[in-house]
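The values are calculated or read from the model by the stated rules, or taken from the named source; none is laboratory data. Only a predicted model underlies this, so the values are computations on that prediction, with no experimental measurement involved. Methodologically, a virtual Cβ is constructed for each residue, glycine included, from the backbone with ideal geometry; neighbour enumeration extends over all protein chains shown. Only protein heavy atoms, including side chains, enter the accessible area calculation; ligands, DNA and RNA are left aside. Shrake-Rupley method; radii C 1.70, N 1.55, O 1.52, S 1.80 Å.
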Amino acid sequence: MDIKAEAGDVASVEELVRQHDKGKRLVTDTMVHNMVIKACSFAGDLIKAEEVYSKMKDQNIRLNVKTFGKLISIAAKLGQLAEAERWADEMVANGFALDLEAYGGLVDACAKAGDPEKADRYIEQAIHDNIELSVSLFTAVIDAHAQVADGLGATAWFERAVEAGVQPTVAMYNAVVNAFAQSGDIEQVDVWRRRAADAGVQSDVQSFNILLFALVKNGNLAGMKDQLEEALRKGMHLDVVSFNTAITGFADKGDIEAAEDWFQRMCQNSIEPSERTYASMIHSRAKRGDVAGAMRWFIKAKADGIKPTPFIYGSLINSFAKRGDPEGAAEVMQRAVQEGVKVDVTAYTSVIDAFAQSSYSDSAALCLETAIGDNIQPDSRSYNGVVSAFAKRGNQDKAIYWFNKAVESRIQPEVSMYNSVISSFARKGRVQKALRWLDLISSARLQPSVVSYSAAISACQRAKEDAVKVAWQLMQQMVEAGITPNVVTYNAAIGACIKGGSGTVIHAETLFRHMVASGVKPDDRTFWAVCRSVGKDRLAALCLELGVKMPRATTGSI
């Protein structure tokens with residue numbers, strides 16, 4: 001029975017429950033139901049586990065610490081920190097104190113969620129509760145810091161483990177090495193690998209894979225390749241992660257030939273490619289917008305018995321989106337839905353962005369509504385894609401509607417979303433509206449960007465009335481805030497001077513001088529705007545004075 005449970009064979013263990021319910025009392029009620037939850041744990045099936053728990057409650061079957069420990073561990077395995085904490089609260093509410101397994105699950109959930117601060121708090125709480133910390137618990141908290149590339153935090157917990165009398169294992173050393181690998185700190189990776197060797201701790205394939213990852217993170221693909229070549233020459237036992245690291249590294253750099261070469265070598269070494277492998281191959285083609293190539297790898301994955309996962313479908317969707325084919329991306333997503341594959345928010349956002357880039361604002365909004373209907377929680381980028389789509393079409397009402405929908409959904413709008421709304425008003429020359437939304441950025445305790453100010457100044461440029469003073473004030477405001485104007489900012493500000501009277505000539509000249517002095521290179525639009533503001537002869541004199549080469553043609557459009 002225990003073997004079946006550890007294999008995640010929920011059906012077989014449930015058969016035991018049925019025999020138990022028929023009167024064949026093989027074990028206690030609590031034990032048999034806990035065994036089903038244990039099987040769910042190995043299968044990663046939290047929904048089924050919760051059903052078993054509800055049954056135990058309904059039938060007054062005694063609960064114990066193992067019941068809750070397994071439920072917490074399932075949530076941790078799935079990376080669902082909030083669920084793990086919910087079950088911990090339920091455990092306490094039922095009169096049980098958190099034990100080593102419960103704390104272990106909570107810290108592991110923190111690690112997977114990338115929340116080292118909360119992991120630290122749970123460890124300290126366990127110490128306060130006189131829980132004797134295990135090597136696995138220390139490894140989990142070190143891993144929590146590793147997930148956010150916090151090498152110092154990982155090191156601190158490693159030293160605390162040693163001080164507590166824990167004998168470091170290869171897994172503990174690997175967790176610290178991984179913390180530095182995440183930031184590409186090869187020097188510290190080597191330091192900790194040597195420390196493990198000096199302590200007589202034998203490295204394993206995971207140790208080697210972390211080294212490969214560190215080299216890739218550091219951008220040293222040649223070094224990563226050399227390590228793999230040497231390992232193969234020595235006959236080292238490599239696994240799918242070893243080859244996937246190489247394939248993904250080259251795929252991310254757009255080196256399709258190298259990625260495909262390592263795919264072949266993977267097969268030659270009798271390592272079966274995983275869904276991650278195929279997703280990387282699809283991704284390598286997607287980065288180039290090579291839809292045909294991405295589709296070939298998608299078809300090959302299915303032919304090789306790989307069931308398309310959300311990650312694989314997401315990579316394929318991205319290939320269509322990269323090529324600017326929103327309809328193709330949407331069609332692939334529809335196919336995923338038909339095959340019962342629930343793609344994630346990233347895939348939906350790729351489709352939304354593709355529609356937005358093609359100015360299909362209504363389709364972008366429909367895709368967002370579909371995501372919400374499919375119980376996918378859109379993120380800020382998803383909403384920004386829709387807001388941006390309507391903003392580009394000059395539909396301020398719809399842009400603001402979706403902005404407000406994001407806020408209602410408890411999404412904290414990023415500066416880029418505010419910028420989209422500001423730009424929509426700028427296109428219409430509606431200065432006061434643009435200024436109001438610029439102020440809202442600061443009200444939300446965010447920092448306006450150069451794009452924010454450039455868009456607001458652009459509104460001054462397009463305004464029907466003279467808005468030179470406003471543009472000038474905005475330029476001063478952004479400089480005082482430590483934000484460096486770019487060529488777009490200067491062009492908009494100088495362009496605003498065109499509508500002003502003779503008094504604005506000095507503003508245009510001053511802006512041009514400041515632009516050159518700041519090292520911002522004028523472009524054709526700059527020269528055109530300055531020419532319109534101060535006249536061609538004065539522009540020529542300014543260029544001569546400032547050592548700027550004046551183009552022959554100063555006509556064009558802004």
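Residues in region 242-284 that are of a type in the set (Ser, Thr, Tyr) and over 22 Å from SER350 (Cβ atoms) were compared, and the one that is least open to solvent (accessible area, probe 1.4 Å) is SER242.
Scan region 302-311 residue by residue and report those that are of a type in the set (Gly, Ala, Ser) and either in a helix (DSSP H, G or I) or open to solvent by less than 10 Å² (accessible area, probe 1.4 Å) (or both). Passing the criteria: only ALA303. For ASP466, the requirement of being over 35 Å from the mean Cα position of the chain (by Cα), surrounded by fewer than 19 Cβ atoms within 10 Å (Cβ to Cβ) and within 17 Å of GLY429 (Cβ to Cβ) is met.
For region 107-144, give me each residue that is over 20 Å from THR169 (Cβ atoms) and in a loop (DSSP other than H, G, I, E, B). Hits for region 107-144 are GLY114, ASP115, ASP129, ASN130.
Within the option set GLN412, GLN461, being within 27 Å of VAL520 (Cα to Cα), of a type outside the set (Phe, Trp, Tyr), open to solvent by 10 Å² or more (accessible area, probe 1.4 Å) and touching a residue at least 12 places away in the same chain (Cβ under 8 Å) holds for one residue only, GLN461.
Identification of helices (runs of 4 or more DSSP H) wholly contained in region 436-528 with 1 or more residues that are within 17 Å of SER423 (Cβ to Cβ) and not β-branched (Val, Ile, Thr) yields 450-462, 468-480, 487-496.
In region 492-544, of all residues being among the hydroxyl-bearing types (Ser, Thr, Tyr) and crowded, with 18+ Cβ neighbours inside 10 Å, the one that is nearest to ASP466 (Cα to Cα) corresponds to THR504.
For region 386-400, name all the residues that are within 26 Å of the chain's Cα centre (by Cα) and not charged (D, E, K, R). Quick ask: steps written out before the conclusion?
Filtering region 386-400 for residues within 26 Å of the chain's Cα centre (by Cα) gives 386-392, 399-400.
Within region 386-400, VAL386, VAL387, SER388, ALA389, PHE390, ALA391, ALA399, ILE400 qualify.
Annotation: of all residues in region 129-155 being open to solvent by 20 Å² or more (accessible area, probe 1.4 Å) and more than 23 Å from LYS217 (Cα to Cα), the one that is farthest from the chain's Cα centre (by Cα) is ASN130.
Conditions (1) in contact (Cβ under 8 Å) with a residue 24 or more places away in the chain; (2) farther than 13 Å from ASP353 by Cβ; (3) open to solvent by 50 Å² or more (accessible area, probe 1.4 Å), marked per residue:
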| residue | (1), (2), (3) |
| --- | --- |
| LYS300 | no, yes, yes |
| TYR313 | yes, yes, no |
| GLY324 | yes, no, no |
| GLY328 | yes, yes, no |
| GLN334 | no, yes, yes |
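Report yes if SER388 is open to solvent by 30 Å² or more (accessible area, probe 1.4 Å), part of a helix (DSSP H, G or I), free of Cβ contacts under 8 Å to residues at least 60 places away in the same chain and within 30 Å of ARG462 (Cβ to Cβ), otherwise no.
When the stated conditions are applied, SER388 does not pass them.
Let's see how each residue does on (1) surrounded by 18 or more Cβ atoms within 10 Å (Cβ to Cβ); (2) among the hydroxyl-bearing types (Ser, Thr, Tyr); (3) at pLDDT below 95:
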{"residue": "GLY200", "(1), (2), (3)": "no, no, no"}
{"residue": "ASN218", "(1), (2), (3)": "no, no, yes"}
{"residue": "ASP226", "(1), (2), (3)": "no, no, no"}
{"residue": "ALA286", "(1), (2), (3)": "yes, no, yes"}
{"residue": "MET295", "(1), (2), (3)": "no, no, yes"}
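Counting only residues that are open to solvent by 20 Å² or more (accessible area, probe 1.4 Å), over 16 Å from the mean Cα position of the chain (by Cα) and of a type outside the set (Lys, Arg), how many does region 336-354 have?
Of the residues in region 336-354, 4 are open to solvent by 20 Å² or more (accessible area, probe 1.4 Å), over 16 Å from the mean Cα position of the chain (by Cα) and of a type outside the set (Lys, Arg).
Scanning region 107-128 for residues that are closer than 19 Å to TRP87 by Cα, open to solvent by 70 Å² or more (accessible area, probe 1.4 Å) and not basic (Lys, Arg) turns up just one, GLN125.
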